[in-house]
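Engineer: If you scroll down you'll find the structure; I have some questions about it.
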Amino acid sequence: MVKLAPFEVEQWMDKYETTPGVLNIAETCAASLSIADLAGIADPIVSHDGLSILPAADPLSALATTKLTYGAIRGSLTLRQQVIDLLSYDSGDSVKSRNNAISLGPEFVIISQGAIAANYLLFYTLLGPGDHVVCTYPTYQQLYDVPRSLGAEVSLWKLRADNGHVPDVAELEALMLILNNPNNPLGVPIPRAVLQSIVDFARARDLIVFCDEVYLPLYHGGPVDLEQDTRRDSERRSELDATRPPSIINFGYDRTISTGSMSKAFALAGLRVGWAVSRDPEIIRAMLATRDYTTISVSQLDDGIARYALSDAVRRPLLQHNTALARKNVQVLKWFVERWSSRGRVRLSWVKPTAGTTAFVKICTVPKSEEAGDNGDAEDDGGAGSNKEEPVDDVAFCLDVLDKCKVMMVPGSKCFGHGEDFKGYVRIGYVNETPVLMEALAKLDWYLEEFLA
Ligand SMILES: Cc1ncc(COP(=O)(O)O)c(C=O)c1O
């Protein structure tokens, strides 16, 4: 029997996210949207003669008359082409293809039920006993524990604070390199230059580079005080476009695989649509042969709504909407972390997130004699801290906060550190509705004041 370790973060979510009245800041999706929301966000369609403006097409009416066959086995052609287009936009949300590095057709895309199924499929297809993989850490537990369950030897590639929480290529040796970009839980992306050196390293040794890019086009650049920031929206966006890391598929190396989905950046987790893309026809063929045993096809309804969300009229405004939400909320979270960076006995620090939907915040306390009233630097030093600082018991802390104020977070050591690493860390998902985040942080503020400060 295949032995799989319990998937801690998924079990934590399952157990606590239905707590009545919960303020969920453990969630990793951008605030979820409905089909009606998508239609409201969509750019209107301007008629060919430019004289009339029509609302964007309603995806449901077309689907209402679709016969519910299995549909296209690998996912509809349109959706698969949209995925290629999405990954070949350097910027993810703006003009088509400044970077024409990928000229792949839809046959290089497999549609799956979420990125989680795409990840499982590729591990199950490509790995077995005797294989050695290196996986960035911390990350989503699936990315190292599934390879381990299949008999592969797994080395954890630690994302060290002294290297800016990006992988150091000098430490590498394996069959497959497993990346997660942007990273969950850190919210830190791997910059283009580092991706390039990883691909160069892999190419020289014929290694597979697999990158879980489920958070990919959501790149907001980190906290910016929007009231102080005088730049125009378009200026801000082009600055972000210049630094946004591209998909691993864009580096011209065939043995690369990207997985992604509609869940996080597109706020449509309920669709259960994800994908795997590889430039290597042999990898695609092998994965399809495995998938025949588990999937047949994804729901035509899900495929149809995903096509609508990735259509030209919707994709751009949708990503802009979610990026703006991420940028606004990360600033709210920054105020909170800085307020508590050194207050009474509490010391909060973090790795300032610049992408994705999550932040990894470390919570420590100092003895009463070390109390302070002023705010220090909240930047995480990777655990060094002052030697008087003690990380809180993150599991007990999360449970007590949930109990006393109905605010849900994810404990770092349990869900990302095998109970040993990342003690005192909590993962906060901050790209939810701003009032939910603010209410949750106000309650957390009360809790810290009352019980820890
Ligand atoms: C890094 C990572 N990969 C994959 C997934 C699975 O996402 P989905 O199956 O909804 O696309 C998650 C969900 O939290 C994740 O954080």
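Engineer: Is at least one residue of the stretch 341-348 closer than 19 Å to residue 187 by Cβ and outside the structural domain of residue 203 (by TED's automatic domain parsing)?
Structural biologist: yes
Engineer: Looking at the stretch 265-279 only, could you name the residues that are in contact with a strand residue (DSSP E or B) (Cβ under 7 Å, 6 or more places away or on another chain) and either of a type in the set (D, E, K, R) or within 16 Å of the ligand (Cβ to nearest atom) (or both)?
Structural biologist: Hits for the stretch 265-279 are 273, 274, 275, 276, 277, 279.
Engineer: Which numbered condition trips up residue 194, out of (1) assigned to a strand (DSSP E or B); (2) touching an Asp or Glu at 6+ places or on another chain (Cβ under 9 Å)?
Structural biologist: Only one criterion is unmet by residue 194, namely (1).
Engineer: Of the residues that make up the stretch 184-191, is at least one farther than 15 Å from residue 88 by Cα, within 11 Å of the ligand (Cβ to nearest atom) and surrounded by fewer than 16 Cβ atoms within 10 Å (Cβ to Cβ)?
Structural biologist: no
Engineer: Quick check: anything in the stretch 283-299 away from the ligand (no atom under 16 Å from the Cβ), of a type in the set (A, V, I, L, M), within 30 Å of residue 65 (Cβ to Cβ) and surrounded by fewer than 22 Cβ atoms within 10 Å (Cβ to Cβ)?
Structural biologist: yes
Each row is one residue, and each column tells you yes or no for (1) within 16 Å of the ligand (Cβ to nearest atom); (2) over 23 Å from residue 408 (Cα atoms); (3) assigned to a strand (DSSP E or B); (4) among the hydrophobic types (A, V, I, L, M, F, W, C).
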position	(1), (2), (3), (4)
21	no, no, no, no
26	yes, no, no, yes
33	yes, no, no, yes
62	no, yes, no, yes
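Engineer: Somewhere in the stretch 305-315, is a residue more than 15 Å from the ligand (Cβ to nearest atom), surrounded by fewer than 20 Cβ atoms within 10 Å (Cβ to Cβ), assigned to a helix (DSSP H, G or I) and at pLDDT below 95?
Structural biologist: Among the residues of the stretch 305-315, at least one is more than 15 Å from the ligand (Cβ to nearest atom), surrounded by fewer than 20 Cβ atoms within 10 Å (Cβ to Cβ), assigned to a helix (DSSP H, G or I) and at pLDDT below 95, which makes the answer yes.
Engineer: Ok, one more. Quick check on this structure: which one of 38, 104, 68, 77 is touching a helix residue (DSSP H, G or I) at 6+ places or on another chain (Cβ under 8 Å), surrounded by fewer than 17 Cβ atoms within 10 Å (Cβ to Cβ), hydrophobic (A, V, I, L, M, F, W, C) and modelled with pLDDT under 95?
Structural biologist: It is 68.
Engineer: Pull up the stretch 251-264, narrow it to residues that are out of contact with any Gly (no Cβ under 8 Å at 6 or more places or on another chain) and in contact (Cβ under 8 Å) with a residue 60 or more places away in the chain, then point me to the one that is nearest to the ligand (Cβ to nearest atom).
Structural biologist: The extreme case among them is 258.
Engineer: Can you name the number of the only condition in (1) assigned to a loop (DSSP other than H, G, I, E, B); (2) in contact (Cβ under 8 Å) with a residue 12 or more places away in the chain; (3) over 25 Å from the mean Cα position of the chain (by Cα) that residue 387 fails?
Structural biologist: Every condition holds for residue 387 apart from (2).
Engineer: Take the residues of the stretch 248-274 that are among the hydroxyl-bearing types (Ser, Thr, Tyr) and closer than 27 Å to residue 296 by Cα: which is surrounded by the most Cβ atoms within 10 Å (Cβ to Cβ)?
Structural biologist: Per the stated criteria, the residue is 261.
Engineer: Mind checking which pairs have a first residue in the stretch 65-82 that is more than 18 Å from residue 311 (Cα to Cα) and a second that is β-branched (Val, Ile, Thr) and not in a loop (DSSP other than H, G, I, E, B), Cβ under 8 Å, 6 or more apart or different chains?
Structural biologist: Pairs found: 74/109; 74/110; 74/111.
The values are calculated or read from the model by the stated rules, or taken from the named source; none is laboratory data. The structure presented is a predicted model; accordingly, all values stated were derived computationally and were not measured. FYI the Cβ positions are ideal-geometry reconstructions off the backbone, even for glycines, and counts take in every protein chain you see.
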